[in-house]
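> Questions regarding the structure given below will be posed in turn.
The values are calculated or read from the model by the stated rules, or taken from the named source; none is laboratory data. Not measured: the values here are computed from a predicted model. FYI the Cβ positions are ideal-geometry reconstructions off the backbone, even for glycines, and counts take in every protein chain you see.
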Amino acid sequence: MSRAHRRGTGGALLGLLLFAVGILVAALLLRTYTLPSSLLVWQGQGAAEVEFTQDERLLLKRALVGAIRIPTVSFSEQEQNVTALAEIGAYIRKVFPRVFSSSIIKHEVVAEYSHLFAVQGSDRSLRPYMMLAHLDVVPAPPEGWEVPPFSGEERDGYIYGRGALDDKSCVIGVLQALELLLIRDYKPKRSFYIGLGHDEEVSGHEGAMKIVEKLQSRGVKLLFVVDEGLAVLDGVMQGVKRPVALIGTTEKGSITLNLTVNQPPGHSSMPPAETSIGILAAAVSRLERNPMPNMFGEGPEAPMFEQLASEFAFPLNVMMANLWLFSPIISRVLEQTPSSNAIVRTTTAVTIFNSGIKSNVIPPMARATINFRLHPAQTVAEALDIVRNTINDERVEISVLNSFDPLPISPYDESNFGYQTLQRTIHSVFSGAPVAPGVCIGNTDSRHFVNLTDSIYRFSPFTLKSVDLSRIHGLNERISLAGLEQLTQFYFQLIQNADSDKVPVAHRATHEL
């Protein structure tokens, strides 16, 4: 082959390659800028906003402060502050008199400390919906807090205290919204329920489950359920230009294991090559050094990023709009921080390690407790197989304390009444914040309601910045007074928006090149 011929062939191949690259770039850009945007224009008139009077603002603040001061702590399923739970039941009766005296509301106490409200609408042909919140909180030792954790102290426009975010603000917000609607003589068209569980932080087996049993015995089927969960995130997602609202359409599953090693005891002066502690430590180390597989794209997390693609700055917007090509890169980036790593895989957390009674005695037994939160595309059985293969040591006994598979994915299409009603309400209350489906990495009481509806949504109606994430179950939990009013506004409008007998319809804009 002549040199000129080789040059001609090479030039043709280069030209073909450049043409292919050009076609690929054009396809990527076309998909990026023709995806439907997050800008929605809703048809018809939306719900009326609540215009707080000064007295109502003051009462709302005092209502949350008073609730925080009641230490409704759940330590375990067997140990709760039942005195405080009884006290908060009496407290909400006093703070929300119209809710408890209205002729259209039936209230009942369930399992001694949970509360169920049935609000009767005027059109009984419409299927009811339900809003959930919970009364109990996790423990809060005072060390490290700027204020006492059960003081409800106000500082610089924030109310501090355990439960300010999780979940007494929602308890107070939903009851206050209903109280305000009753004051304004609003009569709902669609019936609805409010459920306040008393043991959500330790399983919900007595509160939420008993509420479900009561509703099932009455043949109740729900149109949709709204519980705590994801929120409006401001500056939390890297590369996103403005606050975005995520609605949890599923929850991760869970496995809690005990790993136990039994070996002959002995004196520390004559130690064996491996002790029970050493064997167990090696097994735990293998689990930490070999995390569960990255499953990005196999669950509902991919649609979340795709729907928010237009909110990312270039070049992330191109990558998010074309996950079919870029998902390996995106998934590796998400692995780098604990909060985003929890989206892409089943997480492994060593939470308890017990062994030994004396410094010169080799203990016969060592035990560790491990908690796994399952990616929506992975089952309990699949995760357990990986654990056994990773540990690969017959001396380590594996016992399952409790487990459940990830929750079913609730629909989030344009024909679903619950999701679209939530989206419309969020857009109204949170200044048009774009909405996308997401994965709730924690567990909520709503998981017990899967037999009553296929539309379960987990959304906490407040804005969270990066610095706020560690406050939930952590130190210096707080909510701003403006955020508390906005949260109440959300429930106030949601109740009105849910009174429609038609799915809300919106016009979604498209991008142009």
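> Could you go through region 170-181 and let me know if any residue there is at positive phi, touching a residue at least 40 places away in the same chain (Cβ under 8 Å), touching a helix residue (DSSP H, G or I) at 6+ places or on another chain (Cβ under 7 Å) and crowded, with 18+ Cβ neighbours inside 10 Å.
Taking region 170-181 and keeping what is at positive phi, we get none.
There is no residue in region 170-181 that is at positive phi, touching a residue at least 40 places away in the same chain (Cβ under 8 Å), touching a helix residue (DSSP H, G or I) at 6+ places or on another chain (Cβ under 7 Å) and crowded, with 18+ Cβ neighbours inside 10 Å.
> Has region 458-473 got any residue that is in a loop (DSSP other than H, G, I, E, B), under 29 Å from Leu64 (Cα atoms) and over 16 Å from the mean Cα position of the chain (by Cα)? Steps first, please.
Applying the first criterion (in a loop (DSSP other than H, G, I, E, B)) to region 458-473 yields 470-473.
Filter once more, so that each one left must be under 29 Å from Leu64 (Cα atoms): 470-473.
Of the ones still in play, those that are also over 16 Å from the mean Cα position of the chain (by Cα) are none.
For region 458-473, residues in a loop (DSSP other than H, G, I, E, B), under 29 Å from Leu64 (Cα atoms) and over 16 Å from the mean Cα position of the chain (by Cα): absent.
> So for region 240-261 (the condition being in contact (Cβ under 8 Å) with a residue 12 or more places away in the chain and at positive phi), does at least one residue qualify?
Within region 240-261, not a single residue is in contact (Cβ under 8 Å) with a residue 12 or more places away in the chain and at positive phi.
> Could I ask something else about it? Within region 389-440, track down each residue that is touching a Pro at 6+ places or on another chain (Cβ under 9 Å) and part of a helix (DSSP H, G or I).
Phe417, Gly418, Tyr419, Gln420, Thr421, Gln423, Arg424, Thr425, Ile426, His427, Val429
> When the residues of region 345-364 are filtered to those that are more than 28 Å from Gln378 (Cβ to Cβ) and touching a residue at least 40 places away in the same chain (Cβ under 8 Å), which remaining residue is surrounded by the most Cβ atoms within 10 Å (Cβ to Cβ)?
That would be Ile362.
> Among the residues of region 235-286, which ones are part of a strand (DSSP E or B), under 30 Å from Ser431 (Cα atoms) and polar (S, T, N, Q)? Write out each step before concluding.
Going through region 235-286, the residues part of a strand (DSSP E or B) turn out to be 240, 244-251, 253-262, 266-267.
Filter once more, keeping what is under 30 Å from Ser431 (Cα atoms): 240, 244-251.
Result: Thr249, Thr250.
> Separate question: Filter region 475-504 down to the residues that are in a loop (DSSP other than H, G, I, E, B) and either crowded, with 16+ Cβ neighbours inside 10 Å or in contact with a Phe, Trp or Tyr (Cβ under 7 Å, 6 or more places away or on another chain) (or both) and list them by number. First the steps, then the outcome.
Filtering region 475-504 down to residues in a loop (DSSP other than H, G, I, E, B) leaves 475-477, 498-504.
Passing the criteria: Leu475, Asn476, Glu477, Ala498, Asp499, Ser500, Val503, Pro504.
> How many residues are of a type in the set (A, V, I, L, M, F, W, C) and under 27 Å from the mean Cα position of the chain (by Cα) if we restrict to region 55-114?
Residues of region 55-114 of a type in the set (A, V, I, L, M, F, W, C): 58-60, 63-65, 67-68, 70, 73, 75, 82, 84-86, 88, 90, 92, 95-96, 99-100, 104-105, 109-111.
Now restrict to residues that are under 27 Å from the mean Cα position of the chain (by Cα): 60, 63-65, 67-68, 70, 73, 75, 82, 84-85, 88, 92, 109-111.
Residues that pass the stated criteria total 17.
> Somewhere in region 64-75, is a residue modelled with pLDDT under 95 and surrounded by 12 or more Cβ atoms within 10 Å (Cβ to Cβ)?
From region 64-75, those modelled with pLDDT under 95 are none; that's our starting set.
No, because not a single residue in region 64-75 is modelled with pLDDT under 95 and surrounded by 12 or more Cβ atoms within 10 Å (Cβ to Cβ).
> Quick one: which of Pro363, Pro376, Pro338 is at pLDDT below 90 and at negative phi? Give the derivation first.
Values: Pro363 fails: at pLDDT below 90; Pro376 fails: at pLDDT below 90.
Testing whether each residue is at pLDDT below 90 and at negative phi leaves just Pro338.
> Among the residues of region 310-333, write down those that are small (Gly, Ala, Ser) and closer than 17 Å to Glu298 by Cβ.
Going through region 310-333, the residues small (Gly, Ala, Ser) turn out to be 310, 313, 321, 327, 331.
Listed by number, the residues that qualify are Ser327, Ser331.
> Can I ask one more? Which condition breaks for Asn294 when tested against (1) under 28 Å from Ser203 (Cα atoms); (2) assigned by TED's automatic domain parsing to the domain that holds Asn389; (3) in contact (Cβ under 8 Å) with a residue 60 or more places away in the chain?
All conditions pass for Asn294, except number (3).
> Output the number of the condition that Asp454 fails; it satisfies all remaining conditions of (1) outside any helix (DSSP H, G or I); (2) under 24 Å from Gly235 (Cβ atoms); (3) free of Cβ contacts under 8 Å to residues at least 60 places away in the same chain; (4) not aromatic (Phe, Trp, Tyr).
Looking at each condition in turn, Asp454 falls short on (2).
> Here is a follow-up. What are the pairs with Cβ atoms under 8 angstrom where one residue, in region 461-488, is closer than 23 Å to Pro141 by Cα and among the β-branched types (Val, Ile, Thr) and the other, located anywhere, is at pLDDT 95 or above and assigned to a helix (DSSP H, G or I)? Sequence gap at least six, or different chains.
That search, which allows pairs on different chains as well, returns Ile479/Leu64; Ile479/Ser169; Ile479/Leu487.
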